[in-house]
1. Exactly one condition in (1) assigned by TED's automatic domain parsing to the domain that holds Thr163; (2) under 28 Å from Ile33 (Cα atoms); (3) β-branched (Val, Ile, Thr) is false for Ile351; which is it?
2. Here is a list: Met120, Met113. Which entry is without any contact (Cβ under 8 Å) to a residue 12 or more places away in the chain and out of contact with any strand residue (DSSP E or B) (no Cβ under 7 Å at 6 or more places or on another chain)?
3. Just to be sure, is Asp181 modelled with pLDDT under 90, in contact with a strand residue (DSSP E or B) (Cβ under 7 Å, 6 or more places away or on another chain) and in a loop (DSSP other than H, G, I, E, B)?
4. Specify which of the listed residues (Val349, Val432) is modelled with pLDDT of 95 or more, under 16 Å from Gly281 (Cβ atoms) and touching a Leu at 6+ places or on another chain (Cβ under 6 Å).
5. Identify all residues within the stretch 257-274 that are farther than 14 Å from Gly227 by Cα and in contact with a helix residue (DSSP H, G or I) (Cβ under 9 Å, 6 or more places away or on another chain); write none if there are none.
6. Check whether at least one residue in the stretch 345-363 is within 30 Å of Ala118 (Cα to Cα), surrounded by 24 or more Cβ atoms within 10 Å (Cβ to Cβ) and of a type in the set (Ser, Thr, Tyr), and report yes or no.
7. Of all residues in the stretch 307-343 being surrounded by 15 or more Cβ atoms within 10 Å (Cβ to Cβ) and farther than 22 Å from Ser360 by Cβ, which is nearest to the chain's Cα centre (by Cα)?
8. Which condition number in (1) over 24 Å from Lys236 (Cβ atoms); (2) crowded, with 20+ Cβ neighbours inside 10 Å; (3) free of Cβ contacts under 8 Å to residues at least 60 places away in the same chain is the one that Ala299 fails?
Amino acid sequence: MQLTAIDVNERNNKSLEDLVTPWKIPPLKDYYIKNANLVDVREGITKPGAHIFTSGGFITNICFSDHEADKCTSDKFEIIDATGKFVMPGLFDNHVHVTSVPGETDLSKTLNMPKTRALMRVRHKLEGALARGFTTLRGCGGAESYIKAAVIEGSVIGPRLLTCGHAISQTGGHGDMRPADLPGEAFDSCSCHMNDLGVVADGAAECYKVAREELRRGADFIKIMAGGGVASPTDKITNLQFCDDEVTALVKVAKTYNTYVTAHAYTPEAIKACVSYGVKGIEHGNLLDEETAQLMAKAGCYLTPTLVTYKIMASDQFSTFLSGSNREKNTQVLYRGIEALRIAKKNGVKICYGSDLLGSLGGYQTQEFFIRGRYLSTHEVLLSATITPAEMNGLQDQIGEIKPGFIADMLLMNSNPLENITVLDEPESNLVFVMKEGRVY
């Protein structure tokens with residue numbers, strides 16, 4: 001039998017690079033942002049007549065005279081006329097859950113969404129955050145390194161991600177979402193299909209192992225659940241979670257990887273324990289008192305309040321989101337959060353911006369600016385969403401400010417956030433464009 005000759009290379013004329021990476025994004029442009037009002041978030045002042053140059057994704061030069069600008073410009077730059085507008089650094093949300101995605105209107109369905117469905121919707125969460133001006137997000141449970149890698153390679157568009165993988169919880173802790181009416185082993189065979197934000201570890205040996213596993217899989221830091229929470233089904237807000245040897249083990253592991261531990265904690269007891277064991281950050285902290293705030297400030301421990309999440313969960317619009325004990329726990333911490341913010345400010349605690357909005361609540365990410373603006377100065381709020389979280393995460397020489405040599409993460413605004421912080425809660429009308437790593441979106 002004679003075989004028909006086939007030329008296997010015939011008409012194979014498509015670019016191999018295009019076939020392998022069909023998401024390939026266009027080459028970076030060099031930009032000259034002309035005659036902007038530069039918002040200096042470190043000094044809390046606006047500097048008019050700024051000429052800002054970017055190349056290769058970085059800020060290369062800033063000058064404040066037309067003469068100096070003429071020396072720097074050339075035909076390679078695309079000019080953006082920013083006359084009458086304001087340029088500020090990209091925003092940093094220090095507490096998000098990237099894989100807790102829209103699609104449901106109640107907590108249970110949001111948390112129990114199949115992992116495959118959630119992953120198909122992650123891009124909406126990321127694109128939405130970028131469109132609101134957030135160029136960096138710190139994922140505090142749920143987002144694994146493959147999502148971060150997808151953003152880096154450009155197959156998914158979104159902010160820069162720092163992730164912890166899964167938040168580490170004790171059995172029955174805030175990261176253990178198994179209902180009380182079923183034994184824990186009932187979930188062993190299906191856990192890989194669930195969109196879990198946390199992972200359970202009991203005893204120092206398990207804590208060592210689980211923390212190392214999260215770091216092996218690409219975690220940038222370790223997140224632990226050190227006390228009760230609103231969303232968890234079987235604990236109380238007042239519960240202390242993890243024993244001293246367990247927290248110590250987790251902190252030791254983080255240090256061997258040159259990173260840190262941050263802890264979900266509300267009560268002074270939980271916060272004090274964490275600070276004494278070397279935890280670097282406290283998430284939420286709604287029941288903070290004076291003594292505990294002073295301890296945090298002395299230790300250089302960062303606080304990331306997330307006031308907006310309790311407000312939105314208590315709102316009429318999301319009246320069905322919480323039920324039973326979850327609603328009661330939300331009420332317990334809702335109003336105390338403002339007082340905790342005041343106490344932290346008074347005692348010099350370093351404060352970061354956080355939203356912590358699960359699922360469909362995420363569209364209110366910027367409302368934290370509105371809430372904090374009632375109790376903090378505009379300068380203090382801006383620091384919390386730029387320089388302070390950058391410092392906490394060791395990125396203070398790369399992001400958070402508009403300076404030569406820094407990554408070109410910038411927002412072009414119609415209005416000045418130093419005069420009215422709520423303009424950041426109105427990106428639809430005030431945000432002209434977002435630049436992340438020198439690319440305009």
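1. That leaves (2) as the condition not met.
2. Working: Met113 fails: without any contact (Cβ under 8 Å) to a residue 12 or more places away in the chain.
After applying the criteria, what remains is Met120.
3. Values: modelled with pLDDT under 90: yes; in contact with a strand residue (DSSP E or B) (Cβ under 7 Å, 6 or more places away or on another chain): no; in a loop (DSSP other than H, G, I, E, B): yes.
No: the conditions fail for Asp181.
4. Values: Val432 fails: under 16 Å from Gly281 (Cβ atoms).
One residue alone meets the criteria, Val349.
5. At the first step, the residues of the stretch 257-274 found to be farther than 14 Å from Gly227 by Cα are 257-261.
Passing the criteria: Tyr257, Thr259, Tyr260, Val261.
6. Yes: the stretch 345-363 contains one or more residues that are within 30 Å of Ala118 (Cα to Cα), surrounded by 24 or more Cβ atoms within 10 Å (Cβ to Cβ) and of a type in the set (Ser, Thr, Tyr).
7. Only one residue tops the list, namely Leu341.
8. (2)
The values are calculated or read from the model by the stated rules, or taken from the named source; none is laboratory data. Model, not experiment: these values are computed from the prediction. Quick reminder, even Gly has a Cβ in these numbers, built from the backbone with ideal geometry, and neighbours come from all protein chains shown.
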